[in-house]
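Inspection log for the structure reproduced underneath, given as structure tokens.
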Amino acid sequence: MTKRIIRRRIKMTPAQLAEWKKDVAAIEDEKLEITRWANDCRKEVEAQRETLAAALRKAREDSGLTLEELQEKTGIGKSQLSRLLSSGGKNPTLNTLQRIAGACGRKLVVTLTEK
């Protein structure tokens, strides 16, 4: 069963209409600001993922492991490893990152810094 939307025309005084238009404009301005903020956050996360992927690639290369050897040591599928090493993956868990670091003879360290 679908809901039917009933729209009613509401009568407003000129002052109420002006206030309503002002509110709509403010909402549109906020929407643009929120969209810009979300895009900035997305770009920052993508940059962090690329930094992570570069660090993972370097650790694997420095350890001399092939992708197949890394797969055997971590138990992580080759396709998932490839995604992690190329783009940081979608959202790797700390456990996954620890397994990769350990297999490469590294220790995973997470640091919080000031912005």
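Nothing in this text is a laboratory measurement; each read-out follows from the coordinates by a stated rule. The structure displayed is predicted, hence computed values, not measured ones. Ideal geometry is used to build each Cβ from the backbone, glycine not excepted, and the neighbour counts take in all protein chains shown.
Within the stretch 74-115, whose backbone N sits under 11 Å from a point 7 Å along Cα→Cβ of ARG57?
The answer is 85-88.
Subtract the Cα-Cα distance of ASP29 and THR66 from 0.36 nm times their separation in residues, and report this length gain in nm to one decimal.
Answer, rounded to one decimal: 8.2 nm.
Under a crude label model (7 Å from the Cα following the beta-carbon direction), how far is ASN39 from THR111 in nanometres?
3.2 nm
Using Cα atoms only, what is the angle between the long axis of helix 14-63 and the major principal axis of the chain, expressed in degrees (0 to 90) to the nearest 10?
Roughly 0 degrees between the two axes.
Dipole of the stretch 14-103 (Lys/Arg Cβ +1, Asp/Glu Cβ -1, origin at the Cα centre): which of ALA59, ALA15, GLY88 lies farthest to the positive side?
ALA59
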